[in-house]
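Enquirer: There's a structure below that I have some questions on.
The values are calculated or read from the model by the stated rules, or taken from the named source; none is laboratory data. None of these values were measured; they are calculated from a predicted model. For neighbour counting, all protein chains shown are included, and Cβ atoms are generated from backbone atoms with ideal geometry for every residue, glycine included.
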Amino acid sequence: MRRVVSFVVVVAVGWAALVVLAAVFQRQLIYLPMGGVPEPPPGAEIEPLRFTTHDGLTHEAWFLPAEEDAASTIAVAPGNAGNRAMRVPMAQGLVARGHAVLLLDYRSYGGNPGRPTEADLVADARAAIDALTRRDDVDRSRLVYLGESLGTGVLAAVAAEAPPAVLVLRSPFPELADVGRAAYPFLPVRTLLRDRYPVVDHLAAYEGPVLVVAGDRDRIVPTRLSREVAERSGATLVEVEGAGHNDPALFTGQRFLDAVDGFVRDHLDPPGADQGRQQ
C-alpha cells in the first residue's frame, strides 16, 4: 500500500512540475522564430517593405509584385516557425498565377525586434497591411489575407476589424487551446494558455468569403480541427490528400496554389472590370 501511495505522490508531483513548466515557458513552446535577417533568394524579384509597429519598432516584410495587373494582393501571415525567406517559393507560385504577395514576419522573426505575444502579432500584421495598402500599386478592394497555421489566428483577428475581400486559412484551428490539448492531453492547456487565438470567434465578425485548406494527414493541427473551423464558419473546405502540416504540398503544391488562385478569382472581378463597366 505504501508503495502505491508513494507512486501516486511521485506522479502527482511530476504532473504539477510539468504544469508549472508549461505555464512559465508556454510562449517558448508556441513561438519558434528563426533568428537573423534573411537574405532574398538569388533572382527573386523582392521589394522590402518597412513599417513601424504600434510600439515604435521598425519591422521589414517582403513584397513580390505581380508581373501585370494583379488579380489580387495576398498578405501572407506565416505559422509559428521559420521566416519569410522560407515562404518565397509559395509566393512565387502565387505570383506566377497573377497575384502580388506580401510576406510578413512577426516580431522576433526574420530579424524583426520585439518579443511575440498574441496582441503584438495581431498588431504587427495590422501595421504591415496598413503599409501595404498605402502602396500605389495595391488595390484595397482586391486585398486577400492568407494565414498559415498560427497565422490563421492572427489574420482572423485582423479580418474582424479590417475585412479583406477574401480570407484564406491554411490549417486553421477553432482556438489555439484545441491544438494544445491535442498535443498535451494530460495538461490543463485551456486554463494555462495566455495567447488564445480564437479563430472561430473572430470569423463570426467577418462576412466575406472564407477558404479553408488542410492536409488530410495533419498531426500538428489535426485535420478535424480545420474541418470544424470550416463547418462552424460556413467556409469552403479543400483537403489536400496525403499532406501533413509541414509537407511541401501545403506550401508549393499545385493543388494548394490552384485552390487559392481559383477561390480568389471566383470571388473577385477580373482586374479592370470596374473601369470597363464605367465606360
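Enquirer: So V154 passes all but one of these: (1) in a loop (DSSP other than H, G, I, E, B); (2) surrounded by 24 or more Cβ atoms within 10 Å (Cβ to Cβ). Which condition number does it fail?
Expert: (1)
Enquirer: Could you please find all residues in the stretch 188-223 being among the basic types (K, R) and more than 19 Å from V158 (Cβ to Cβ)?
Expert: Listed by number, the residues that qualify are R190, R194, R217, R219.
Enquirer: Taking E60, is it in contact with a Pro (Cβ under 9 Å, 6 or more places away or on another chain), of a type in the set (D, E), on the phi < 0 side of the Ramachandran plot and in contact (Cβ under 8 Å) with a residue 24 or more places away in the chain?
Expert: yes
Enquirer: Starting from residues that are aliphatic (A, V, I, L, M) and more than 20 Å from the chain's Cα centre (by Cα), keep the ones in the stretch 48-78 and report whichever is nearest to V168 (Cα to Cα).
Expert: Looking at residues that are aliphatic (A, V, I, L, M) and more than 20 Å from the chain's Cα centre (by Cα), I get A71.
Enquirer: Please go through (1) more than 17 Å from the chain's Cα centre (by Cα); (2) within 23 Å of G82 (Cα to Cα); (3) surrounded by fewer than 20 Cβ atoms within 10 Å (Cβ to Cβ); (4) not hydroxyl-bearing (S, T, Y) for N246 and return the number of the only condition it doesn't satisfy.
Expert: Evaluating N246 over (1) more than 17 Å from the chain's Cα centre (by Cα); (2) within 23 Å of G82 (Cα to Cα); (3) surrounded by fewer than 20 Cβ atoms within 10 Å (Cβ to Cβ); (4) not hydroxyl-bearing (S, T, Y) leaves (1) as the failure.
Enquirer: Of all residues in the stretch 184-207, which are in a helix (DSSP H, G or I), buried (at least 19 other Cβ atoms within 10 Å of the Cβ) and modelled with pLDDT of 95 or more? Break it down stepwise before answering.
Expert: Here is the first cut: in the stretch 184-207, the residues in a helix (DSSP H, G or I) are 189-192, 199-203.
Okay, now just the ones that are also buried (at least 19 other Cβ atoms within 10 Å of the Cβ), so 189, 199, 202-203.
Correct list: V199, H202, L203.
Enquirer: Now for a different question. Within the stretch 79-106, track down each residue that is of a type in the set (D, E, K, R) and either more than 14 Å from the chain's Cα centre (by Cα) or assigned to a strand (DSSP E or B) (or both). Outline the logic, then answer.
Expert: Start the filter on the stretch 79-106 by keeping residues that are of a type in the set (D, E, K, R), which leaves 84, 87, 97, 105.
Result: R97, single match.
Enquirer: Just the residues that are touching a helix residue (DSSP H, G or I) at 6+ places or on another chain (Cβ under 8 Å) and not aliphatic (A, V, I, L, M), please, taken from the stretch 72-108.
Expert: Hits for the stretch 72-108 are S72, T73, P78, G79, N80, G93, R97, G98, H99, D105, Y106, R107.
Enquirer: Let me ask something else. Take the conditions touching a strand residue (DSSP E or B) at 6+ places or on another chain (Cβ under 9 Å), within 29 Å of T191 (Cα to Cα), touching a residue at least 60 places away in the same chain (Cβ under 8 Å) and of a type in the set (A, V, I, L, M) and apply them to M90. Does it pass?
Expert: no
Enquirer: Additional query: Does A75 fit the bill of being buried (at least 18 other Cβ atoms within 10 Å of the Cβ) and closer than 20 Å to H202 by Cβ? Step through it out loud before you land on a result.
Expert: Working: buried (at least 18 other Cβ atoms within 10 Å of the Cβ): yes; closer than 20 Å to H202 by Cβ: yes.
Considered against the rule, which asks whether it is buried (at least 18 other Cβ atoms within 10 Å of the Cβ) and closer than 20 Å to H202 by Cβ, A75 comes out as yes.
Enquirer: For G147, indicate whether it is assigned to a helix (DSSP H, G or I) and either surrounded by 19 or more Cβ atoms within 10 Å (Cβ to Cβ) or touching a residue at least 24 places away in the same chain (Cβ under 8 Å) (or both).
Expert: no
Enquirer: Also: So which residues in the stretch 152-194 are touching a residue at least 40 places away in the same chain (Cβ under 8 Å) and in contact with a Pro (Cβ under 6 Å, 6 or more places away or on another chain)?
Expert: Hits for the stretch 152-194 are T152, V166, A182.
Enquirer: Still on this structure, please answer the following. Inside the stretch 116-142, can you point out the residues that are without any contact (Cβ under 8 Å) to a residue 60 or more places away in the chain and either aliphatic (A, V, I, L, M) or outside any helix (DSSP H, G or I) (or both)?
Expert: A119, L121, V122, A125, I129, R134, D136
Enquirer: Restrict the check to the stretch 208-224 and report whether at least one residue is surrounded by fewer than 20 Cβ atoms within 10 Å (Cβ to Cβ) and within 25 Å of L143 (Cα to Cα).
Expert: yes
Enquirer: Additional query: Restricting attention to the stretch 195-209, and to residues there that are out of contact with any strand residue (DSSP E or B) (no Cβ under 9 Å at 6 or more places or on another chain) and without any contact (Cβ under 8 Å) to a residue 60 or more places away in the chain, which single residue is nearest to N80 (Cα to Cα)? Give the derivation first.
Expert: Of all residues in the stretch 195-209, those out of contact with any strand residue (DSSP E or B) (no Cβ under 9 Å at 6 or more places or on another chain) come to 195-198, 200-202, 204-205, 207.
So of that shortlist, the ones also without any contact (Cβ under 8 Å) to a residue 60 or more places away in the chain come out as 198, 200-202, 204-205, 207.
Details: P198: 16, V200: 19, D201: 21, H202: 19, A204: 24, A205: 24, E207: 26 Å.
Once the filter is applied, the top-ranked residue is P198.
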